[in-house]
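Coordinate-derived values only; no laboratory data. Quick caveat, the model's predicted, so the values are computed rather than measured. We place every Cβ from the backbone using ideal geometry, glycine too, and count neighbours over all the protein chains shown.
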């Protein structure tokens, strides 16, 4: 395997300082993006969707659980689906204890198109405790752009509640969601990276096709 070059401690410190300067520049750029995101316009959710959740039927305002902000991960699970999305599952595995978000007046929840009876077995199998709602029988996924003629997609939406009115303030999908998961971020810090063919990696490092190594957490070989 082609490993990183071995250098002295002083040479390592110099290289680290060069990289640190670029990392700080990237951090400032992310801060600027976050500031712009906070100034983005929002759009009102006019339709009354009825979801099925842990406590029975609920509308979108109910999912806020009395808080001002709501983050929804749109878990890609269709009605009658026998295959569970490994990427969505990995993302949910990365979500920490919600108390810290709750302390900032923010609720985190999952929503899927599958009926609740099909959601519950996976939730129990994976040991997840976050509230997970079914939008089965509603236009929620279609209206929010998650279900189109091209197929089903995953994503993450942010909502704001002002009294009885609910607004959608943000949406991201694909690599935008991936950047929020700590597994990918942690692997990006390592010499071998994610070990996927799209990465700019020195020759001789292990690489395979993207997504091929992803599994539900109880399906990996020891």
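The range 1-26 and the range 41-78 have their alpha-carbon centroids 45 Å apart. Computed extension gain for residue 162 through residue 29, at 0.36 nm per residue and net of the alpha carbon distance, reaches 44.9 nm. Projecting label points 7 angstrom from Cα along Cα→Cβ for residue 192 and residue 57 puts them 5.2 nm apart. Can you tell me how the range 135-219 classifies by the Cα gyration tensor, rounded, prolate or oblate, using a/c under 1.5 as the rounded cut? Note, shape of the range 135-219 comes out prolate.
Taking Cα pairs under 8 Å and at least six residues apart, what relative contact order does the chain come out at, in percent? Before the final figure, lay out the partial values.
Details: 292 pairs, mean separation 53.5, N = 222.
In percent, rounded to a whole number, it is 24.
Within a 10 angstrom radius of the beta carbon, how do 42, 1 rank from fewest other beta carbons to most?
Working: 42 14, 1 7.
Sorted ascending by nearby Cβ count, the order is 1, 42.
The range 104-146 and the range 158-222 have Cα centres lying 20 Å from one another.
In terms of other Cβ atoms within 10 Å, 100, 83, 74, 217 run from fewest to most in the order 83, 100, 217, 74.
So how much slack lies between residue 22 and residue 149, counting 0.36 nm per residue of separation and subtracting their Cα-Cα distance, in nm? Intermediate values should be presented prior to the final figure.
Working: separation 127, 0.36 × 127 = 45.72 nm, distance 4.16 nm.
Additional length available on full extension: 41.6 nm.
With neighbours defined as other Cβ atoms within 10 Å of a residue's Cβ, the residues 8, 173 order from fewest to most as 8, 173.
Looking at the chain, the DSSP beta bridges with both ends there are about 70 percent antiparallel. Extension gain for residue 213-residue 5 works out to 72.1 nm (0.36 nm per residue, less the C-alpha to C-alpha distance).
Can you classify the range 54-103 as rounded, prolate or oblate using the Cα gyration tensor, where a ≥ b ≥ c are the square roots of its eigenvalues, rounded means a/c under 1.5, and otherwise it's prolate if a/b beats b/c and oblate if not? Here the range 54-103 falls in the oblate category. A simple spin-label model places pseudo-atoms 7 Å from Cα toward Cβ; at residue 43 and residue 172 they are separated by 1.9 nm.
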